[in-house]
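Q: To start, I am sharing the structure in question, which I have written as C-alpha cells.
Where a number appears in this text, it was derived from the coordinates with a stated rule and is not lab data. Being a predicted model, the structure only gives us computed values, none of them experimental. We place every Cβ from the backbone using ideal geometry, glycine too, and count neighbours over all the protein chains shown.
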Amino acid sequence: MSNLKSLNLSDNAFDGSFPLALVQSMTLETVDVSLNHLTGKLPNDIGQDAGTIPLRIFRASKNRLTGTLPTEFGKFVHLEVLELGE
C-alpha cells in the first residue's frame with residue numbers, strides 16, 4: 001500500500017479521535033473520513049512534514065469534531081479541497 005493515492009473511509013460509523021496517521025502518508029492525495037463519529041480536535045501537529053505530503057483533498061465533514069482548524073494545516077501546500085462542515 002505504499003503507492004496508495006486515495007483513502008475513502010466515509011460513512012463507516014468510526015468513532016474516537018482523528019487518527020493523525022491518515023494525513024502523514026507520503027503518497028496520499030485524498031483522505032475522506034466524512035460521515036463518521038470522530039470527536040475532539042484535529043491534532044495541532046497535523047501539518048508536520050506537510051510540505052512533502054501531496055494531500056490535495058481532505059474531507060472530514062459530518063463528524064463531531066470541535067475546536068479551530070490548526071494553523072499547521074496551512075502547510076499542506078498542495079491542498080485544494082478542505083471540507084469540515086456539518
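Q: Filter the stretch 73-86 down to the residues that are closer than 25 Å to Asn3 by Cβ, surrounded by 15 or more Cβ atoms within 10 Å (Cβ to Cβ) and aliphatic (A, V, I, L, M), then identify the one that is nearest to the chain's Cα centre (by Cα).
A: Leu82
Q: Could you look through the stretch 25-40, keep only residues that are polar (S, T, N, Q) and surrounded by 16 or more Cβ atoms within 10 Å (Cβ to Cβ), and pick out the one that is nearest to Leu84 (Cα to Cα)?
A: Within the stretch 25-40, the match that is nearest to Leu84 (Cα to Cα) is Ser34.
Q: Let me ask something additional. Pick out the one residue from Pro43, Pro54 that is under 13 Å from the mean Cα position of the chain (by Cα), more than 21 Å from Gly85 (Cβ to Cβ) and surrounded by 14 or more Cβ atoms within 10 Å (Cβ to Cβ). Show your work before the answer.
A: Values: Pro43 fails: more than 21 Å from Gly85 (Cβ to Cβ).
The match here is Pro54.
Q: Also: Name the single residue that is nearest to Ser2 (Cα to Cα) among those in the stretch 57-72 being of a type outside the set (A, V, I, L, M, F, W, C) and exposed (fewer than 15 other Cβ atoms within 10 Å of the Cβ).
A: Thr71
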